[in-house]
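Input: a single structure, listed below in structure tokens.
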Amino acid sequence: MNQALAALGDSLAPDCVTVPMQGPDVCPICRGHRDETEGLCDSCTLCHQILGSLRPVVPISLYAKPSTMRDRLRNYKDSDDASTRRRLSRAVAALIERFFIQHNESLAHRLGSWDTVCVVPSTDREPPHPLARALSDHDAGSLGPLKQLLRRGPDEVAHRKPNHRAFEPTTAVADRRVLLLDDVFTTGARSQSAAFALSEAGAEVLAIVVVARRINPDWRPEVAEWWNRQLAIPFSWST
């Protein structure tokens, strides 16, 4: 447990937006907005049609553009300034560390225990993923042992384009119990494709934990109303 990192996570709570629990307008897979007449949101429906099965998503926060959270999750990887990348990567690691300190036991109770945490590989940069590097560099150890079980596969994955062959295991994964980890969830194409690859190779993927699930309030008026409802709920690490 990294108490200094957790304290930084506490200070970042004002940047977080409360993730909704179950509800008629909440996607049961990704916790994003869904039409009340549909079983899943549009993105999860598409992933299900192509991949056949989905893993539950556990977002730490929601975010929209523009926002401090959006800028942090982009610039910890892409800022031209090395000191900015390091400062923001520490903040991202702090959010994850604080979440797992708070919810490790409840997640294990609900999902079952895991023996490995794997960061979803990047599709446009060489390993290690900046998120894996941030967790290692800043000693965020409360989530459990971190291993890179996947690499890019022969086929591409893109926005709203999940793919069965987008990823492949780097080692034997049969009987492993895995938590997948990612920084941003937009449509789920990449993370659900990664979960598919591990499951096909014999691992049990318990869930996909993400720092933030992106919401687009401009998509439809009902999404804006849904987003404003979540903004009005004070964020608490105990939720």
Accessible surface ranking that places the most exposed of 187, 239 first, with a 1.4 angstrom probe
239, 187
Part-to-part distance (alpha-carbon centres) for segment 42-115 and segment 185-239, which is given in Å
8 Å
Provide the solvent-accessible area of residue 235, counting protein heavy atoms only and rolling a 1.4 Å probe, rounded to the nearest 10 Å².
50 Å²
What nm value, rounded to one decimal, do you get for the distance between residue 83 and residue 37 when each label is placed 7 Å out toward the C-beta?
5.6 nm
What is the local net charge at residue 189, summed over the other residues whose Cβ is closer than 11 Å to its Cβ (Lys, Arg +1; Asp, Glu -1)?
+2
Might you work out the accessible area of residue 63 for me, using a 1.4 Å probe with all protein chains in place, and round it to the nearest 10 Å²?
20 Å²
Work out the charge dipole of the chain with +1 on the Cβ of Lys and Arg and -1 on the Cβ of Asp and Glu about the Cα centre, then indicate which of 170, 191, 203 is farthest towards its positive end.
170
Positive-end extreme of charge dipole, the chain - chosen from 127, 56, 73 (charges on Cβ):
127
So if we plug the beta-carbon distance of residue 232 and residue 113 into 1/(1 + (r/R0)^6) with R0 = 41 Å, what FRET efficiency do we get, rounded to 0.05?
0.70
For the chain, give the magnitude of the charge dipole about the Cα centre (Cβ charges: +1 Lys/Arg, -1 Asp/Glu; no others), in debye to the nearest 20.
320 debye
Return the FRET efficiency for the residue pair residue 219, residue 139: r is the Cβ-Cβ distance, R0 is 45 Å, and the value is rounded to the nearest 0.05.
0.70
Looking at segment 93-231, send over the antiparallel percent of its DSSP beta bridges, to the nearest 5.
25 percent
Enter the accessible area per residue of the chain (Å², integer; probe 1.4 Å; all protein chains in place).
48 Å²
Calculate how many DSSP beta bridges within the chain are antiparallel, expressed in % of all such bridges and rounded to the nearest 5.
25 percent
Span-like helices, the chain: DSSP H, alpha-carbon axial extent 24 Å or more, mean Kyte-Doolittle -1.0 or greater, which ones?
82-111
Do any GluC sites (Glu not before Pro) in segment 1-98 lie in a loop, going by DSSP, with at most 14 other beta-carbon atoms within 10 Å of their beta carbon, and if so which?
36, 38
Checked against the positive end of the charge dipole of segment 66-120 (+1 on Cβ of Lys and Arg, -1 on Cβ of Asp and Glu, about the Cα centre), the farthest of 112, 101, 89 is 89
Determine how large the accessible area of residue 147 is when every protein chain is in place; take a 1.4 Å probe and give Å² rounded to the nearest 10.
90 Å²
At 7 Å along Cα-to-Cβ for each site, give me the label-to-label distance between residue 156 and residue 10 in nm.
4.7 nm
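The values are calculated or read from the model by the stated rules, or taken from the named source; none is laboratory data. Note that the structure is a prediction, hence the values are computed from the model and not measured. Cβ sites come from the backbone with ideal geometry, for glycine too, and all protein chains shown count toward neighbours. Please note that ligands, DNA and RNA were not included when accessible areas were found on the heavy atoms of the full protein model with its side chains. Shrake-Rupley method; radii C 1.70, N 1.55, O 1.52, S 1.80 Å.
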